[in-house]
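The values are calculated or read from the model by the stated rules, or taken from the named source; none is laboratory data. Keep in mind that what you see is a predicted model, and the values were worked out from it rather than measured. Cβ placement follows ideal geometry from the backbone for every residue including glycine, while neighbour counts extend to all protein chains displayed.
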Amino acid sequence: MSLITLRQLLDDAAEHGYGVPAFNINDMEQGLAILRAAAAVDAPVIVQASRGARSYAGDVMLRHMVQALAEMHPSVPICLHQDHGNNEATCLSAIRHGFTSVMMDGSLEADMKTPASFEYNVDITARVAQTAHWVGASVEGELGVLGSLETGEAAKEDGSGAEGKLGREDLLTNPDQAADFVARTGVDALAIACGTSHGAYKFSRRPDGEILAMDRIAEIHARIPGVHLVMHGSSSVPQYLQDLINAHGGEMPQTYGVPVEEIERGIASGVRKVNIDTDCRMAMTGQFRKVAAEAPREFDPRKFMIPAMAELEALCRDRFERFGAAGQASRIKPIPLDDMAERYAKGTL
Ligand code: G3H
Ligand code: 13P
Ligand code: ZN
């Protein structure tokens, strides 16, 4: 079963004017739920594994799991993507394990904490892009550091995020620098910074243009209209999931994510890949808590997993529909990696 590359998928998304959600996966239940949603609405999908996911599940397990999902849902083009690769070794080992796409996140140094210089970012990203393209795999780069425009800080709760306080211009991708970066690295997609951050605690109020700079995305798109843009930190942190968690023993302080209508605006401005992890975590955890609270005698994990998968499936389905990805899958025929490699070599991509 051949997986699709990010480049082919995002070229299709650009041609037909939609966005593709990139959902993080770590385990079988997430994979099953995401793929059920994709198949139900005929949507292509990006499943991405962080370094944390790779050490949690193991590369062999992830590879076979995604191959199994592809076999179960042959009509769904699936891109298997490395999320936030921190160096060449992470990206190349992912490709060796069947990933069709990698993110080389050179916005931070390899420790994933120290903001990197522009030259460091260009050098390492160009090196990974050249190598990945030799074997037909795609590369996403990142320019600008993810973090909150309210606090100047990145979220602390995951494995990638700048340490210390940053200024507004570090947290917003510069359109001219973006054009230079893409020309010098040859990336297939560019992750931009626009005020989103990872995790649940993105904004202390419903975001406006001061703290979520969607206009910056439109400016970047105007400067490099042919480049596929990627929005990280795109969970909406829906109120109904905060309420579900808190109604069953959770203690999440009130918080705000990226409203789905803002993502729709982003898609109209060239965003083609939309990264979502936190919402998926909240969907499953909300149901785990509900079962634990309502059936304290329950000890069969499947009784927790079944409603958790259903909640995640409903969330994914909604995002496929809202981003315009629904109804697009059956038209797309994945191009094998070798053919993609030939196209890069000939300079036709
Ligand atoms: O990049 C952030 C994603 O939510 C992955 O998080 O590193 O905890 O797997 P993780
Ligand atoms: P969220 O934390 O908003 O889901 O972002 C996930 C992400 O950007 C993964 O790379
Ligand atoms: Zn991210």
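Some observations on this one:
- Residue list for region 119-151, filter: among the hydrophobic types (A, V, I, L, M, F, W, C), assigned to a loop (DSSP other than H, G, I, E, B) and more than 16 Å from ligand 2 (Cβ to nearest atom): Val135, Ala137
- Evaluation of Pro207 against (1) more than 13 Å from ligand 2 (Cβ to nearest atom); (2) in contact with a helix residue (DSSP H, G or I) (Cβ under 8 Å, 6 or more places away or on another chain); (3) not β-branched (Val, Ile, Thr) (one fails), failing number: (1)
- Qualifying position, being within 27 Å of Ile335 (Cβ to Cβ), surrounded by 15 or more Cβ atoms within 10 Å (Cβ to Cβ), acidic (Asp, Glu) and within 16 Å of ligand 1 (Cβ to nearest atom), among Glu140, Glu153: Glu140
- Set side by side, the residues Gly286, Gly324 differ, and just one is assigned to a helix (DSSP H, G or I), of a type in the set (Gly, Ala, Ser) and either surrounded by 16 or more Cβ atoms within 10 Å (Cβ to Cβ) or at pLDDT below 95 (or both), which is Gly286.
- Hits in region 202-227 (condition: under 18 Å from the mean Cα position of the chain (by Cα) and either within 13 Å of ligand 1 (Cβ to nearest atom) or more than 21 Å from Glu261 (Cβ to Cβ) (or both)): Lys202, Val227
- Matching residues, region 96-106, being over 17 Å from Leu171 (Cα atoms), crowded, with 21+ Cβ neighbours inside 10 Å and not aromatic (Phe, Trp, Tyr): Thr100, Ser101, Val102, Met103, Met104
- Residue-level check: of (1) under 30 Å from Phe288 (Cα atoms); (2) of a type in the set (A, V, I, L, M, F, W, C); (3) touching a helix residue (DSSP H, G or I) at 6+ places or on another chain (Cβ under 6 Å); (4) not in a helix (DSSP H, G or I), Ala154 misses just (3).
- Taking the criterion of being in contact with a Lys or Arg (Cβ under 8 Å, 6 or more places away or on another chain) and small (Gly, Ala, Ser), the residues of region 166-188 that qualify are Ala178, Ala179.
- Asn86 being within 16 Å of ligand 2 (Cβ to nearest atom) and either among the basic types (Lys, Arg) or more than 14 Å from the chain's Cα centre (by Cα) (or both): yes
- Top-ranked residue in region 32-64 [being within 15 Å of ligand 2 (Cβ to nearest atom) and among the basic types (Lys, Arg); ranked as surrounded by the fewest Cβ atoms within 10 Å (Cβ to Cβ)]: Arg51
- Test result for Gly98, under 17 Å from Phe320 (Cβ atoms), away from ligand 3 (no atom under 16 Å from the Cβ) and touching a residue at least 24 places away in the same chain (Cβ under 8 Å): no
- Candidate set from region 262-276 (those that are farther than 11 Å from Arg206 by Cβ and among the charged types (D, E, K, R)); member that is surrounded by the most Cβ atoms within 10 Å (Cβ to Cβ): Lys273
So that you can scan it fast, the table gives a plain yes or no per residue for (1) away from ligand 3 (no atom under 16 Å from the Cβ); (2) touching a helix residue (DSSP H, G or I) at 6+ places or on another chain (Cβ under 7 Å); (3) not aromatic (Phe, Trp, Tyr):
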| site | (1), (2), (3) |
| --- | --- |
| Gly199 | no, yes, yes |
| Ile211 | yes, no, yes |
| Ala218 | yes, no, yes |
| Ala222 | yes, no, yes |
| Val230 | no, no, yes |
| Val237 | no, yes, yes |
| Gly250 | yes, yes, yes |
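- Members of region 107-131 found to be within 15 Å of ligand 1 (Cβ to nearest atom), buried (at least 24 other Cβ atoms within 10 Å of the Cβ) and closer than 25 Å to Arg63 by Cα, listed by number: none
- Qualifying residues in region 293-307 (those that are within 23 Å of Asn24 (Cβ to Cβ) and of a type outside the set (Phe, Trp, Tyr)) - the one surrounded by the fewest Cβ atoms within 10 Å (Cβ to Cβ): Arg302
- Lone qualifier among Ala179, Ala191, Ala162 - being in a helix (DSSP H, G or I) and either modelled with pLDDT under 95 or aliphatic (A, V, I, L, M) (or both): Ala179
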